[in-house]
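The values are calculated or read from the model by the stated rules, or taken from the named source; none is laboratory data. The shown structure was predicted, so the numbers you read here are calculated from the model rather than taken from an experiment. Virtual Cβ from ideal backbone geometry, glycine too; neighbours counted across all protein chains shown.
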Amino acid sequence: MFDIKWIRDNPAAFDKAMESRGSSQRAAALLDIDDRRRTIIVRLNEAQEKRNALSKQIGQAKAQKDEAKAQALMSEVATLKDFIPAGEADERAVEKELRDALAAIPNMALDDVPFGEDESDNVEYFGPNGTPETAAPRRPPRPAFGFAPKEHFEIGVAEKDMDFEIAAKLSGSRFVVLKGQLARLERALGQFMLDLHTQEHGYLEVRPPVLVRDDALFGTGQLPKFEDDLFFTPHGEGRLALIPTAEVPLTNLVRETILTEEALPLRFTALTSCFRSEAGSAGRDTRGMLRQHQFDKVELVSITTPEESINEHERMLACAETVLQRLGLHYRVMTLCTGDMGFGARKTYDIEVWLPGQDTYREISSVSVCGDFQARRMEARYRPAGEKQPPRYVHTLNGSGTAVGRCLIAVLENYQQEDGSVLVPEALQPYMGGLGVIGGR
């Protein structure tokens, strides 16, 4: 969320940033609302000052027993008493109008984010000062097959233990029932990722609620823009929403708080089910598990100082990459262009895993730095160390570490065997009771 004072001081920079994000919002319209707000505030202050002055004069007139003057002054005060409540109502209305307008504006991209309109303008990323040659050793190679690889839902073990038909009877389209060895493999993936991020990467495991209030969704930017993508349930006189990602509860752990600089960075991780209506994706990826209404994901969230957020972004990307490296899954990293970034991001890396059954790369993790955009919406601040200074907004980051369902798809397609069985990656075998292969005839 933007600071209207910054927009007033930097209207040209704001307009340029909105143009690059494909937003029609411009500084002039916002400043017009703010000008009306400021005018109302000035008039209210003047009226209140006048009322106070008149009240003092009434006391003086009564002390002098000048009833005529006191009555005239009291009549003038009565007029102000009618004006002030109406002015305060106008102030509340224009404050809401300005807040609603600011809440609908996407974050401003960092200077090094490539300009573009959609995913075709994204740029492959090889790390800070990296090259394809330096990145290659970190990224496992594509698998070689002596047969035509199948998509995940066509593989023998999936045909047995991945049931879309019964899921449709239970819940409708875009749900799946996993059974037997596939259910165990998905559970193994989630446990492996949590252990990696908590034991080696320093994240604190959290078990958050999966139902949240509107305020939490507003804080991370899901509301008001993405309301149609959420599942809501009535609760008391209001409602709760199923989380679309654990980013929502994890980031809101610091809402309305003032942290110490010494406490930063904070790093949280959680394995949760996530729920999305996919309102804007009708007809896309309808086969298989790629785009589901319910899926599991390991989320990473960091809370940092402004000075460290860019370094933290690179660190978080490396943590997510490690998952695929340990699993031996080939992938690439893309820097998203201005037109393809998420609403609250200043810069985003997408990790795309290779799916041989589809003969293409598919996104398995997005890692974003949001600056103070979410912190302003949540009122999350920290007090700088050293000399006394006013609290500053923290910077927030989030990323998938990774999407468990899509990682299951990648394991199935990359480790499939001609007989319909699937080899279990070495990193997962301790979580599978030592099994080296599942399925098969």
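Among the conditions (1) of a type in the set (Lys, Arg); (2) under 30 Å from Pro391 (Cβ atoms); (3) loosely packed, with under 15 Cβ neighbours inside 10 Å, Arg213 misses just one, which is (3).
For segment 205-217, indicate whether the set of residues that are closer than 29 Å to His152 by Cα and among the β-branched types (Val, Ile, Thr) is non-empty. Working first, answer last.
Initial filter on segment 205-217 (closer than 29 Å to His152 by Cα): 210.
Keeping just the survivors that are among the β-branched types (Val, Ile, Thr) gives 210.
Yes, because at least one residue in segment 205-217 is closer than 29 Å to His152 by Cα and among the β-branched types (Val, Ile, Thr).
Would segment 71-87 turn up any residue that is modelled with pLDDT under 90 and assigned to a loop (DSSP other than H, G, I, E, B)? Taking every residue of segment 71-87 in turn, none turns out to be modelled with pLDDT under 90 and assigned to a loop (DSSP other than H, G, I, E, B).
Please go through segment 244-262 and give me each residue that is hydrophobic (A, V, I, L, M, F, W, C) and over 11 Å from the mean Cα position of the chain (by Cα), ordered by number.
Our first condition is that a residue be hydrophobic (A, V, I, L, M, F, W, C); within segment 244-262, this holds for 246, 248, 250, 253-254, 258-259.
Within segment 244-262, Leu253, Val254, Ile258, Leu259 meet the criteria.
Listed by first and then second residue, the pairs linking a residue in segment 191-211 that is in the same structural domain as Ala263 (by TED's automatic domain parsing) and on the phi > 0 side of the Ramachandran plot to a residue that is surrounded by 14 or more Cβ atoms within 10 Å (Cβ to Cβ) and of a type in the set (Lys, Arg), with Cβ atoms under 7 Å apart and 6 or more places separating them unless they lie on different chains, are Gly202/Arg267.
Total residues in segment 145-177 satisfying the condition of being small (Gly, Ala, Ser), modelled with pLDDT of 95 or more and over 33 Å from the mean Cα position of the chain (by Cα): the figure is 2. Say we look at segment 161-178 and pick out the residues that are touching a Lys or Arg at 6+ places or on another chain (Cβ under 8 Å) and surrounded by fewer than 20 Cβ atoms within 10 Å (Cβ to Cβ); which of these is nearest to Gly420 (Cα to Cα)? My answer is Asp161.
If only residues of segment 123-147 that are among the polar types (S, T, N, Q) and loosely packed, with under 10 Cβ neighbours inside 10 Å are counted, the one that is farthest from Trp354 (Cα to Cα) is Asn129.
Table: residues versus (1) of a type in the set (Ser, Thr, Tyr); (2) farther than 23 Å from Val254 by Cα.
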| residue | (1), (2) |
| --- | --- |
| Met341 | no, yes |
| Ser366 | yes, no |
| Gly371 | no, no |
| Arg381 | no, no |
| Gly399 | no, no |
| Arg406 | no, yes |
| Asp419 | no, yes |
| Pro425 | no, yes |
| Leu435 | no, yes |
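Among residues of segment 97-124 being small (Gly, Ala, Ser) and under 18 Å from the mean Cα position of the chain (by Cα), the one that is nearest to Arg332 (Cα to Cα) is Ala109.
Checked against (1) of a type in the set (A, V, I, L, M, F, W, C); (2) buried (at least 20 other Cβ atoms within 10 Å of the Cβ); (3) closer than 27 Å to Glu200 by Cβ, Cys337 passes all but a single condition, namely (3). Residue count for segment 352-374 satisfying the condition of being closer than 17 Å to Gly399 by Cβ and out of contact with any Leu (no Cβ under 7 Å at 6 or more places or on another chain): 8. Scanning for something within 21 Å of Met334 (Cβ to Cβ), within 18 Å of the chain's Cα centre (by Cα) and surrounded by fewer than 24 Cβ atoms within 10 Å (Cβ to Cβ), does segment 372-389 turn up at least one residue? Among the residues of segment 372-389, not one is within 21 Å of Met334 (Cβ to Cβ), within 18 Å of the chain's Cα centre (by Cα) and surrounded by fewer than 24 Cβ atoms within 10 Å (Cβ to Cβ), which makes the answer no.
With respect to Pro224, determine if the residue is over 30 Å from Pro430 (Cα atoms), modelled with pLDDT of 95 or more and assigned to a loop (DSSP other than H, G, I, E, B). So Pro224 does not fit the description; no. So which residues in segment 379-425 are more than 30 Å from Met1 (Cα to Cα) and free of Cβ contacts under 8 Å to residues at least 24 places away in the same chain, if there are any at all? Result: Gln417, Leu423.
Among the residues in segment 199-221, are any touching a Cys at 6+ places or on another chain (Cβ under 6 Å) and either at pLDDT 95 or above or within 23 Å of Arg315 (Cα to Cα) (or both)? Full working, then the answer.
Pass one, segment 199-221, residues touching a Cys at 6+ places or on another chain (Cβ under 6 Å): 201.
Checking the rest, the ones that are also either at pLDDT 95 or above or within 23 Å of Arg315 (Cα to Cα) (or both) come to 201.
Within segment 199-221, one or more residues are touching a Cys at 6+ places or on another chain (Cβ under 6 Å) and either at pLDDT 95 or above or within 23 Å of Arg315 (Cα to Cα) (or both).
If we keep just the residues of segment 6-23 that are more than 16 Å from Phe343 (Cα to Cα) and among the hydrophobic types (A, V, I, L, M, F, W, C), which is surrounded by the most Cβ atoms within 10 Å (Cβ to Cβ)? So that I can check it myself, show each step before the final result.
Filtering segment 6-23 for residues more than 16 Å from Phe343 (Cα to Cα) gives 6-13, 15-16.
Keeping just the survivors that are among the hydrophobic types (A, V, I, L, M, F, W, C) gives 6-7, 12-13.
Values: Trp6: 12, Ile7: 21, Ala12: 8, Ala13: 13.
In this case the residue turns out to be Ile7.
One residue alone among Thr233, Thr245, Thr251 is of a type outside the set (Lys, Arg) and part of a strand (DSSP E or B), and that residue is Thr233.
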